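Here the structure comes first, spelled out in C-alpha cells, and everything after it is commentary.
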Amino acid sequence: MSRLDTKTQNRAQTVVDNLYRDVERRIAASPPGLCPVDMSLAFLKLCHAQSCGKCVPCRIGLGQLSLLIEQVVDGTATMETLAIIEKTARSTVNTADCAIGRDAARLVVDGLEGFRDDYVEHICHHRCLAGLEIPVPCVNLCPAGVDIPGYMALVGAGRCDDAIRLIRKDNPFPTACAYICEHPCEARCRRRMIDDAINIRGLKRYAVDHSGVVPNPPCAPPTGKKVAVIGGGPSGLSCAYYLALMGHSVTIYEERKQLGGMLRYGIPSYRFPRKLLDQEIESILSTGIQVYTGMTVGKDIWLEKLQHEYDCVYIAIGAHQDKKVGIPGEDSRNVMSAVVMLRAIGDNNMPNFHGKQVVVIGGGNVAMDVCRTAIRLGAKDTYVIYRRSQAEMPADAEEVAEAMEEGVQFRFLSAPAEIIGENGKVKALKVEIMELGEPDAKGRRKPVGTGKFETIEVTSVIGAIGQRVDLGRIAPEAMAFNRNGTVQADGVTYQTAQPDIFAGGDVVTGPKFAIDAIAAGREGAISLHRYVHEGQSLTLARDPREFYELDKKQAVVPIDCFDAPARQTVAHDASKAKTFANDRITFTEAQVKAEASRCLGCGVSVVDQNKCIGCGLCTTRCEFDAIHLTRDVPEASRMYRTEDKMKAILPHMVKRAAKLTIKDIKEKCAK
C-alpha cells in the first residue's frame with residue numbers, strides 16, 4: 001500500500017514567492033516620475049538573475065548590457081556607449097535561446113526607442129529628464145490647472161487684483177473656489193515633506209476679499225459662430241465665459257429661476273453667501289452672454305431646434321436627481337432627500353425644523369451641509385447615521401469637526417434598516433449596528449451587519465446618500481449613455497456620439513466637486529471653439545493632466561534644513577456660529593505673508609541655457625512682471641536704458657558711415 005505524500009513548499013521558497021509578490025505590487029504602484037533608465041536597469045538585472053545561463057547571449061550579453069547602462073546612470077558613458085548598448089541589445093534579441101533573454105533585451109530596445117532623450121540627457125548633461133519634467137503638484141492636481149504658485153506669490157506681495165486676473169485665466173469662479181473648493185491642490189503639496197501643506201484656499205480667500213472690482217479681459221472680435229449651453233451651473237457658466245472671450249455668441253438655457261446650479265441649490269449660504277455668488281455670475285455674464293431662465297429643454301424648446309439654430313451645443317445640466325435610501329417606510333411624511341431640501345433653500349423656501357429631531361443618512365459633504373443647516377433652522381437634536389467608522393467618512397475632516405462643534409450627534413457603524421411611522425408620519429429610525437470587514441474595491445473596509453438593532457426617536461429623516469443624472473426628454477437617440485444614466489463623452493474633448501453635441505460636468509462624470517465641473521466647462525469651451533472652425537484638431541496639444549509624485553528620498557536638499565513656520569489656520573467668528581452667515585475669518589496681512597513664505601517654490605522654472613538666447617522678450621510679455629533678466633558678469637559689458645540707446649549707438653553709426661565713405665572714395669580713385 002502506497003503512502004500519501006503531500007508536497008509542501010519549504011520556508012525559503014515561501015519567502016521568495018512573497019518577495020516576488022512584493023516586487024509585483026511595488027511595480028504596479030510605481031509613480032510615473034521615476035527615472036526610466038534606472039527602471040530599465042533594475043528590470044534588466046532582475047531578468048538576468050532569472051536566466052539559466054546556458055546560452056552566451058543571456059549569460060554574457062545581459063551582463064554586459066547591465067554594465068553599459070550603469071555607466072549611463074553614473075554619468076560616465078558617451079554617445080558611443082549608447083550605440084554599443086543598442087547593438088548589443090538587438091544582437092541578444094536575435095540570438096538568445098529562450099524568451100527570458102529575448103524579452104530582457106527587448107526591454108532595452110523598447111526603451112531606446114521610447115525614451116531615447118532620457119539616455120541622451122544622462123550622457124550629455126548628467127541629469128534625468130523625468131525629474132525635470134515632473135509637474136508642480138498643486139497645479140497638476142487642480143482640475144482647472146490654475147497657476148497656484150503664481151497667484152500665491154502675487155497675494156504674498158499684496159497684489160490681490162493681479163492674483164484674481166491670474167486665477168481667471170483658468171477659473172472664472174475665484175470667489176466660489178475661495179469659499180467652497182475642496183482644495184485637492186493641497187493633497188500632494190511638497191511642503192508636506194516638512195510639516196503641513198500650504199493653506200492655498202486661505203490665501204485665495206484673502207485675495208478675493210481684498211481685491212477691488214477686477215474687470216474681465218476684453219472679448220475677441222466676433223466670430224459669427226453661435227453656441228447653445230444647456231445648464232447654468234458651474235460647468236455651463238464656465239464654458240459660456242471662455243467661449244464669449246473667444247468671440248462667440250453664447251446663449252444659456254437654464255431650467256431653474258436663477259443661475260448657479262449646485263453652487264446655489266446645493267451649497268448652503270453659510271458656506272457661500274448668495275450675494276457673492278450673484279456678483280460672480282454677474283461678472284461672467286458681463287462678457288455678453290445671453291440667458292433664458294425657467295426654460296426646460298425637451299419641454300419649452302427642443303434640442304433638435306437648438307442644433308438647427310446654433311453651430312454646436314454644450315450640455316451641462318448636472319446631477320440634480322436624488323437617490324432613495326431603499327428601506328421600508330421611506331414614503332412616510334417628513335422624509336425628504338438632501339437634494340430636495342437644499343433646492344428649496346436655494347429658492348428661499350426654508351423648511352421648519354424648529355424643536356424637531358432630525359436624522360441625516362449619509363457621510364459625505366452633502367450630509368454635513370444638511371445636518372448643519374438643520375441646526376440653523378432650529379432643530380432640537382440632529383443625528384448623522386453612517387455605516388462605517390469616522391476614518392472612512394468621505395466628508396472633509398474640517399467640515400466634520402465643525403459639525404461636531406455645533407452639536408451634531410454622529411452614530412458611526414450604524415446602517416438604516418427601517419423608518420418607523422405612526423399615522424403616516426415619521427416616529428423613529430431603526431438602525432442596525434455594523435462592524436468593519438474586509439476592504440472593498442476602493443480600499444475602504446466593508447461594513448458587515450451584526451444582527452443587533454437600536455431605535456432612534458426622530459421626527460424628520462433626510463437622505464444624503466448621493467445624486468444621479470436625469471436628462472429628462474432632452475437626450476437625442478444618437479447619444480450614448482452609461483448604465484448610471486451619465487452621458488458618454490470623450491475624456492479629452494468632451495464630444496459625444498453626436499459630433500455637434502458636447503457634454504461636461506456631473507452629467508458626464510456623475511456627482512463631483514465644483515472645481516471639476518468648472519474645469520470641464522473650460523476644456524469643453526476649447527473643444528467647441530475648435531469644432532466651429534473647420535479643419536481644427538480637437539485633441540492636438542491637450543493636457544492629459546497626469547501627476548508625477550515626488551518621493552522624499554529623491555529630494556536633493558535635506559528637508560530638515562528648511563524653515564518651518566506653522567501653517568496658518570482659519571479662525572471662526574463666534575457671533576456668527578449656527579447662523580446662515582459665513583463664520584470663517586479671512587487671514588490678516590501678516591498671516592498671508594507668513595503662509596505665502598512657506599511655499600517651497602517647486603514650480604519655479606529653470607532656464608535651459610541651450611535654448612535661451614537672452615533676448616529679454618519674456619520680461620516684456622509677462623503680464624505680472626514675474627520674469628527679470630540679469631547679467632551674471634555685469635562688469636563685462638555696459639548696459640543702457642532704451643531711452644538712452646542713441647547715446648551709445650550714434651558714435652558707432654558716425655564712425656561706420658565715415659569708414660564707408662572713405663572706402664567709396666578709394667574705390668573711385670582706383671578706377
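The values are calculated or read from the model by the stated rules, or taken from the named source; none is laboratory data. Note that the structure is predicted; figures quoted are calculated from it, not measured. Cβ coordinates were reconstructed from backbone atoms using ideal geometry, including for glycine residues, and neighbour counts include every protein chain displayed. Note: accessible area is taken over every heavy atom of the protein model, side chains too, but ligands, DNA and RNA are not part of it. Shrake-Rupley method; radii C 1.70, N 1.55, O 1.52, S 1.80 Å.
Observations, loosely collected:
- For segment 253-267, the tally of residues that are more than 18 Å from ILE515 (Cα to Cα) and open to solvent by 30 Å² or more (accessible area, probe 1.4 Å) stands at 4.
- Considered as a group, the residues in segment 192-205 that are in contact with a Cys (Cβ under 7 Å, 6 or more places away or on another chain) and assigned to a helix (DSSP H, G or I) include one that is least open to solvent (accessible area, probe 1.4 Å), and that residue is ILE200.
- Residue in segment 122-135 that is out of contact with any Gly (no Cβ under 8 Å at 6 or more places or on another chain), crowded, with 17+ Cβ neighbours inside 10 Å, assigned to a loop (DSSP other than H, G, I, E, B) and of a type in the set (Lys, Arg) present: no
- For segment 378-394, the tally of residues that are over 29 Å from the mean Cα position of the chain (by Cα) and surrounded by 19 or more Cβ atoms within 10 Å (Cβ to Cβ) stands at 5.
- For segment 303-320, the set of residues classified as exposed (fewer than 15 other Cβ atoms within 10 Å of the Cβ) and in contact (Cβ under 8 Å) with a residue 60 or more places away in the chain consists of GLU304, GLU309, listed by residue number.
The rows are residues; the columns are (1) closer than 30 Å to PHE353 by Cβ; (2) among the hydrophobic types (A, V, I, L, M, F, W, C).
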{"position": "ILE462", "(1), (2)": "yes, yes"}
{"position": "LEU471", "(1), (2)": "no, yes"}
{"position": "THR486", "(1), (2)": "no, no"}
{"position": "ALA497", "(1), (2)": "no, yes"}
{"position": "GLY505", "(1), (2)": "no, no"}
{"position": "GLY510", "(1), (2)": "yes, no"}
{"position": "ASP516", "(1), (2)": "no, no"}
{"position": "ARG522", "(1), (2)": "no, no"}
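- For ALA519, the requirement of being in contact (Cβ under 8 Å) with a residue 60 or more places away in the chain and among the aliphatic types (A, V, I, L, M) is met.
- Residue in segment 166-173 that is of a type in the set (Phe, Trp, Tyr) and either closer than 30 Å to VAL313 by Cβ or surrounded by fewer than 24 Cβ atoms within 10 Å (Cβ to Cβ) (or both) present: yes
- Within segment 425-446, if we keep just the residues that are assigned to a strand (DSSP E or B) and among the charged types (D, E, K, R), the residue that is least open to solvent (accessible area, probe 1.4 Å) turns out to be GLU432.
- Meets criteria (of a type outside the set (Ser, Thr, Tyr), in a loop (DSSP other than H, G, I, E, B) and open to solvent by less than 50 Å² (accessible area, probe 1.4 Å)) for PRO351: yes
- Residue match in segment 268-287 (condition: surrounded by fewer than 20 Cβ atoms within 10 Å (Cβ to Cβ), aromatic (Phe, Trp, Tyr) and in contact (Cβ under 8 Å) with a residue 24 or more places away in the chain): yes
- Test for ALA374: is it within 23 Å of CYS181 (Cβ to Cβ) and crowded, with 19+ Cβ neighbours inside 10 Å: no
- ASN94 assigned to a helix (DSSP H, G or I) and either modelled with pLDDT of 85 or more or surrounded by 24 or more Cβ atoms within 10 Å (Cβ to Cβ) (or both): yes
- Within segment 419-427, not a single residue is in contact (Cβ under 8 Å) with a residue 12 or more places away in the chain and of a type in the set (S, T, N, Q).
- Residues that are over 19 Å from GLN536 (Cβ atoms) and either open to solvent by 40 Å² or more (accessible area, probe 1.4 Å) or in contact with a Cys (Cβ under 9 Å, 6 or more places away or on another chain) (or both) within segment 495-504 comprise just one, ALA497.
- Which numbered condition HIS572 fails, given (1) modelled with pLDDT of 75 or more; (2) open to solvent by 50 Å² or more (accessible area, probe 1.4 Å); (3) within 23 Å of the chain's Cα centre (by Cα): (3)
- Given (1) within 30 Å of GLU121 (Cα to Cα); (2) modelled with pLDDT under 75; (3) under 35 Å from the mean Cα position of the chain (by Cα), number of the condition VAL633 does not satisfy: (3)
- When residues of segment 18-63 are limited to those that are modelled with pLDDT of 60 or more, of a type in the set (A, V, I, L, M, F, W, C) and in a loop (DSSP other than H, G, I, E, B), the one least open to solvent (accessible area, probe 1.4 Å): CYS55
- Count of residues meeting criterion [part of a strand (DSSP E or B), open to solvent by less than 20 Å² (accessible area, probe 1.4 Å) and not hydrophobic (A, V, I, L, M, F, W, C)] in segment 454-494: 2
- Residue within segment 501-519 that is over 24 Å from the mean Cα position of the chain (by Cα), more than 29 Å from ILE419 (Cα to Cα) and small (Gly, Ala, Ser) present: no
- For GLY363, the conditions (1) in contact (Cβ under 8 Å) with a residue 40 or more places away in the chain; (2) open to solvent by less than 30 Å² (accessible area, probe 1.4 Å) all hold with the exception of (1).
- Answer residue from segment 395-405, given it is over 18 Å from LYS512 (Cα atoms) and of a type in the set (Gly, Ala, Ser) and is surrounded by the most Cβ atoms within 10 Å (Cβ to Cβ) among those: ALA403
- Among residues that are modelled with pLDDT under 90, in a loop (DSSP other than H, G, I, E, B), out of contact with any His (no Cβ under 6 Å at 6 or more places or on another chain) and open to solvent by less than 40 Å² (accessible area, probe 1.4 Å), GLY145 is included.
- Residue, modelled with the lowest pLDDT, within segment 513-552, restricted to residues that are open to solvent by less than 40 Å² (accessible area, probe 1.4 Å), more than 24 Å from PRO137 (Cβ to Cβ) and part of a loop (DSSP other than H, G, I, E, B): LEU538
Residues checked against (1) more than 22 Å from ASP118 (Cα to Cα); (2) touching a residue at least 24 places away in the same chain (Cβ under 8 Å):
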site: LYS45; (1), (2): no, no
site: HIS48; (1), (2): yes, yes
site: CYS55; (1), (2): yes, yes
site: ILE60; (1), (2): yes, no
site: LEU82; (1), (2): no, yes
site: ALA96; (1), (2): yes, yes
